[in-house]
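Step one of this worksheet: look at the structure below.
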Amino acid sequence: MIELSASDPFAGLHLPLVHGAARLDSVPPVRITAIAPLPGQTEALASALGGFPAPGEVLDTTLRLVWVGRGQAFAFGEGLPEGLERHAALSDQSDGWAGAQLEGADAQAVLARLVAMDLRALAVPSSVRTLLGHLPLLLVKQSETAFDLWTYRSMAGSLSHELDRAMRMVAARRALA
Amino acid sequence: MYLPCPCCGWRDMREFTCIGAADYCDRPEADAPPEAWDNYLHLRDNPAGPARDLWYHAPCGTWLEVARDTVTHAVTGSTAVEEAG
């Protein structure tokens, strides 16, 4: 039998990166399950899960449930309730996504260069599907100074490159001021 | 330019793809006469004033009909195609 070994999506990309008042590090590997309610099953699913996130919502039950799109949420963590497949289509996405956390006093200033949204107005916690530069992005606002940034695993290098560049630029601006 | 996604609120245009006039939502029945299919595929009004366009918001996966005015360029609202039926 073939033994596969786990590897970090950001391997070789020199994380953590620290420039000025921003720090980028990878999020530790976590089980991610995509949950898409079957037609007419959203209420039954919500009672089995302890809730189902509305657009932009993050719910903390025994798992973290994050809205990720129309009729779809991600569950972060182990321990989905039994029998959930009666109410929803489930698929394991754990190794399809790469997550990095950007935190620090300048985290919002860095993201302002890459994400065409006002992140100050978002609640804590909340989730957003948007773009980072040209990359598809799932952004989870953890606090006013910490953002989890998820993209497709194949794009981990582009994600860290874009952020590295923006972090350097913001730090250089601060040094001039 | 910003467009209102029924799911996500006002978002930058680069997140959207324009498909064309909202006529694409009114697909003829399979046994409709050739004229109906010709109309569906090729013939479009060119209104000066209120118009409805079909857009796709890729980040959240919503198809939406956007109401805009071709004279003033004002975007006045949108509805999710799924909810419009």
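Each reported figure results from applying straightforward, stated rules to the coordinates on display, with no laboratory input. Source: prediction; values computed, not measured. Quick reminder, even Gly has a Cβ in these numbers, built from the backbone with ideal geometry, and neighbours come from all protein chains shown.
At q = 0.14, 0.17 Å⁻¹ the log10 of I(q)/I(0) for the protein assembly as shown amounts to -1.05, -1.29, computed by Debye summation with a single uniform scatterer per C-alpha, solvent ignored. Charge tally around A:D8: other residues with Cβ under 15 Å, Lys/Arg +1 each, Asp/Glu -1 each, net -1. Relative to the longest principal axis of the Cα atoms of chain A, the long axis of helix A:156-176 lies at roughly 40 degrees. For A:Q41, neighbours were defined as the other residues whose beta-carbon sits under 15 Å from its Cβ, and their charges (Lys and Arg +1, Asp and Glu -1) total -1.
Multiplying each eigenvalue of the alpha-carbon gyration tensor of the range A:1-47 by 5 and taking the square root yields semi-axes of 35, 21, 7 Å, largest first, rounded to whole angstroms.
Put simply, the Cα atoms of the range A:32-92 extend 23, 21, 20 Å along their principal axes, the longest span coming first. Its Cα gyration tensor gives the range B:2-84 an equivalent ellipsoid. The semi-axes, each the square root of 5 times an eigenvalue, are 25, 16, 10 Å from largest down. Shielding value for A:67-74 is 4, the average number of Cβ atoms from other chains within 10 Å of each residue's Cβ.
Other residues whose C-beta falls under 11 angstrom from the C-beta of A:L119 contribute a net charge of 0, scoring Lys and Arg +1 and Asp and Glu -1.
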